Amino acid sequence: MQAVNKILVIEDQEDVNHLLAEALNTAGYRVKSAYTGLEGIQEIQTNAYDLILLDIMLPYKSGDEILREMRTFSDAPVIIISAKDMVGVKIDLLRLGADDYMTKPFDLGEVIARVESNLRRSHRQIQENPIQTYKNITLDERTKRVCVSDSEIELTATEYMILELLMKHTGKVFTKANLYESIWQDEYLGDDNAVKTHISNLRSKLKKVSPDEQYIETVWGLGYRLYQE
């Protein structure tokens, strides 16, 4: 079963946010809404999103601050939705790492079309650059092979998906709920045994090949992420 693309809408106007979320849900996407800049960046830091719709004028943290910060750890496509229709503003945001720019008021059909276009482009880039690397780990998305230094390791499908998710979002902290819902594509009901067991097994297999290296760290009270030096 193909995973459903997850989209984050960061927009402080509730009516606009709800309008976008409803249209995207109807189009078949999984949508999460954030209403402040602070809430938005926390979502990006702790969850994996396939695309982000980002307003510029937000309380607590502006859209350009969010864009600048997230580009240090995430390459998810970002579509700016702003009331500012000035060429200089658009150029600055595109240079900061935005992928597209739409001006309010917008047509919902065009929003959906641009979302589809940016997701296609993102997926194509992943297919063209299927090698993920972290420290001495190499993960090939085409062959599903994982090597530590020159040694290939055998992972279960679930272990592979967990490692792939962590490597695609270096620096993100994934809660047990984040991991469960992303990997199992089901609602997390609080039973963390499945996640803990697979994380433990994955750690053991990596440590067996490279015992002196640290890969997955536990962020106490939050979850897991790739080890930060």
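The values are calculated or read from the model by the stated rules, or taken from the named source; none is laboratory data. Owing to the predicted nature of the structure, the values given are computational and were not obtained by experimental measurement. Cβ coordinates were reconstructed from backbone atoms using ideal geometry, including for glycine residues, and neighbour counts include every protein chain displayed.
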Residue check, D55 against (1) acidic (D, E); (2) in contact with a strand residue (DSSP E or B) (Cβ under 9 Å, 6 or more places away or on another chain); (3) farther than 30 Å from E213 by Cβ; (4) surrounded by fewer than 19 Cβ atoms within 10 Å (Cβ to Cβ), all met but one. Which one?
(4)
Taking the stretch 22-52 only, how many residues are free of Cβ contacts under 8 Å to residues at least 60 places away in the same chain, buried (at least 19 other Cβ atoms within 10 Å of the Cβ), over 21 Å from E164 (Cα atoms) and hydrophobic (A, V, I, L, M, F, W, C)?
3
Considering each residue of the stretch 108-150, count those that are at pLDDT 90 or above and charged (D, E, K, R), and give that number.
4
First in the stretch 99-110 and at negative phi and assigned by TED's automatic domain parsing to the domain that holds H18, second anywhere and surrounded by 14 or more Cβ atoms within 10 Å (Cβ to Cβ) and aliphatic (A, V, I, L, M), Cβ under 6 Å, 6 or more apart
D99/V78; D100/I79; Y101/I80; M102/I81; L108/A23
Do we find that N5 is closer than 25 Å to M86 by Cβ and buried (at least 16 other Cβ atoms within 10 Å of the Cβ) in this structure?
no
Note on the stretch 41-64: residues more than 9 Å from the chain's Cα centre (by Cα) and in a loop (DSSP other than H, G, I, E, B) are D55, I56, M57, L58, P59, Y60, K61, S62
Those strands (runs of 3 or more DSSP E) completely within the stretch 83-166 that have 1 or more residues that are farther than 29 Å from A21 by Cβ and out of contact with any Gly (no Cβ under 6 Å at 6 or more places or on another chain) are 131-134, 137-140, 145-148, 151-153
Would you be able to say whether some residue in the stretch 182-203 is closer than 23 Å to K6 by Cβ and of a type in the set (F, W, Y)?
yes
